[in-house]
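Colleague: Have a look at this one.
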Amino acid sequence: MRSFNIHRVRKLLDFIFAHKHWVILLLLEAFSLILFVGDGAYRKGLRLYAYSHVSGRINEVLSKARDYLNLHEQNEYLLHEKARLESELITLKRSISDRDAESIQLMRDTTSVTEYVVARVVNQISHLGDVYYMINRGRSSGIAPDMAVLSESGVVGIVLEASNRYAIVIPVINTQLRLSSSIKGKGYQGQLTTQGLHRPTILGGLPLHADIMPGDTVVTSGYSYIFPEGLMVGVVEENSLDGIDHAASAFGTYRIRLATDFERLSYVYVRISTPMSEAMDLERSLVEKSL
Amino acid sequence: MSIVNTLRLLLASVIVLAIQVAVLSPMSLLGVAVPHLYPVLLMLIPVGARPIRLLWISFTIGMLLDMLLLTPGLHASALTLAGFLRYYFLSPMLDRGGNLDVLPTFASLGARAYFLYAEVLIVHHIVLYALDMGLHFDFVTMSMRCVAGLLVSYALGVLVMLLLSIRANRR
């Protein structure tokens, strides 16, 4: 009887060994199905472990990778958000200063900012040595000639022409553009001009007695139909006038370091403002009358 | 299984599982078709692999995926059976005395490689969707999801296999 049992066990073992792959298949399937069907502590523990350790860590890495791929989108979003905040800040500053000066009530209404449009610089055009920029927003985005263009650091220039989808910007580093600017906190006003590409930018027309020091901030004066006062233009670099043509004159002339880095200009903000054509027509009629 | 094949399978497993977890599993084309790319990893195991090796490899891949997708046992069960049956599906396709260290791709099996992948994928999908439906078994819904998923997964897998064949031919 005993030898019969041993024989049967051996036969069974031989059978199992001969078909071990089937046995392993059944064991692995059974293990998987118990994990899947069962709702016991082990399953919960495995889920918890997987969630807190392995899956959590891997998903974090994958999430970082996804974030990296979405950087461009996020950057666009941040630029829009920054433009919106900047727009609100300028509007707020404007409304505070306007409230202080009730006498220019009418002016506030006609120059109120509606919004900023973010545009990408798609091309730099060098026409006869003067620089122009092409941006990827045009009339369809509300952009029109004579609108102010800013960078995240300061003034860039003015919209010269606009087609439906593109616009050309004349920057302050173009010799054709003169920008009325003032020294922040000191009130002296002058004209910001440049003498060409890679040539110094200068602020001229200032009184000779003006106490202007290197590091003084230059901002827009507000004597413009395009730029409101107080927008960052740059800083006084030095009061040495070496290398500047016609520097010796009846007015003080200073070399300016512009706040906008034109070498790395990739995005700009176009200030969508109420057209000032009525005021400009009025000024033109005055000039014609005086002639 | 040579070191090159082992390393290739390891690297491919990492990449494919990452794509499956991060991109494909959260995706549901037209609300029904979830692409499953990871069964293509079974096609990166040499043709000479014995059933036990196939079992352990497919079970490990399935368990890893289950840990990442928080579905303990679901993918492991489906892939283990598909991996095991790959041996029996492949055996009649092999030529006697052929190189057993090659992968079952177009370069070694011709069009039979795509037929083999279809067989493996059908087994995998039937088990996967049947388990996934569980007690709430609804034949019509399951069939629709299974067939839709199968078509998308097959197209995706064939694309990967074509790329593998192109690389093999260049060498």
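Colleague: Please count how many residues of the stretch B:122-171 are part of a helix (DSSP H, G or I), within 14 Å of chain A (Cβ to nearest Cβ) and either at positive phi or at pLDDT below 80 (or both).
Modeller: Result for the stretch B:122-171: 2.
Colleague: Suppose we filter A:Val9, A:Val54 for residues that are within 12 Å of chain B (Cβ to nearest Cβ) and either within 21 Å of B:His75 (Cβ to Cβ) or at pLDDT 80 or above (or both); which single one remains?
Modeller: It is A:Val54.
Colleague: Restricting to the stretch B:31-59, name every residue that is more than 20 Å from B:Gly157 (Cα to Cα) and either away from every other protein chain (no Cβ under 14 Å) or part of a helix (DSSP H, G or I) (or both).
Modeller: Hits for the stretch B:31-59 are B:Gly31, B:Gly48, B:Pro51, B:Ile52, B:Arg53, B:Leu55, B:Trp56.
Colleague: Name the residues in the stretch A:204-220 that are closer than 25 Å to A:Glu263 by Cβ and more than 27 Å from the chain's Cα centre (by Cα), would you?
Modeller: Within the stretch A:204-220, A:Gly204, A:Pro214 qualify.
Colleague: Please identify the pairs in which a residue from the stretch A:153-182 that is acidic (Asp, Glu) has its Cβ atom under 9 Å from the Cβ atom of a residue that is surrounded by fewer than 22 Cβ atoms within 10 Å (Cβ to Cβ), counting only partners at least 6 apart or on another chain.
Modeller: These pairs meet every condition: A:Glu161/A:Pro145; A:Glu161/A:Ile168.
Colleague: Is it the case that the stretch A:13-30 has a residue that's surrounded by 12 or more Cβ atoms within 10 Å (Cβ to Cβ), among the β-branched types (Val, Ile, Thr) and either on the phi > 0 side of the Ramachandran plot or modelled with pLDDT under 80 (or both)?
Modeller: no
Colleague: Another question about this same structure. Hey, any hits in the stretch B:85-95 for a residue that's part of a loop (DSSP other than H, G, I, E, B) and over 19 Å from A:His21 (Cα atoms)? It would help to see each step written out before you state the result.
Modeller: If we filter the stretch B:85-95 for residues that are part of a loop (DSSP other than H, G, I, E, B), which is where we start, we get B:94-95.
Pick out the ones that are also over 19 Å from A:His21 (Cα atoms) and you get B:94-95.
Yes, the stretch B:85-95 contains at least one residue that is part of a loop (DSSP other than H, G, I, E, B) and over 19 Å from A:His21 (Cα atoms).
Colleague: With (1) over 15 Å from the mean Cα position of the chain (by Cα); (2) more than 9 Å from chain A (Cβ to nearest Cβ); (3) among the basic types (Lys, Arg); (4) closer than 23 Å to A:Ser32 by Cβ as the list, and B:Arg86 as the residue in question, which single condition is left unmet?
Modeller: (1)
Colleague: If a residue has to be assigned to a loop (DSSP other than H, G, I, E, B) and under 28 Å from the mean Cα position of the chain (by Cα) to count, how many in the stretch A:180-194 make the cut?
Modeller: Residues that pass the stated criteria total 2.
The values are calculated or read from the model by the stated rules, or taken from the named source; none is laboratory data. Treat the numbers as computed from the prediction; the structure is a model and nothing was measured. All Cβ positions, even for glycine, are placed from backbone atoms using ideal geometry, and neighbour counts span all protein chains on display.
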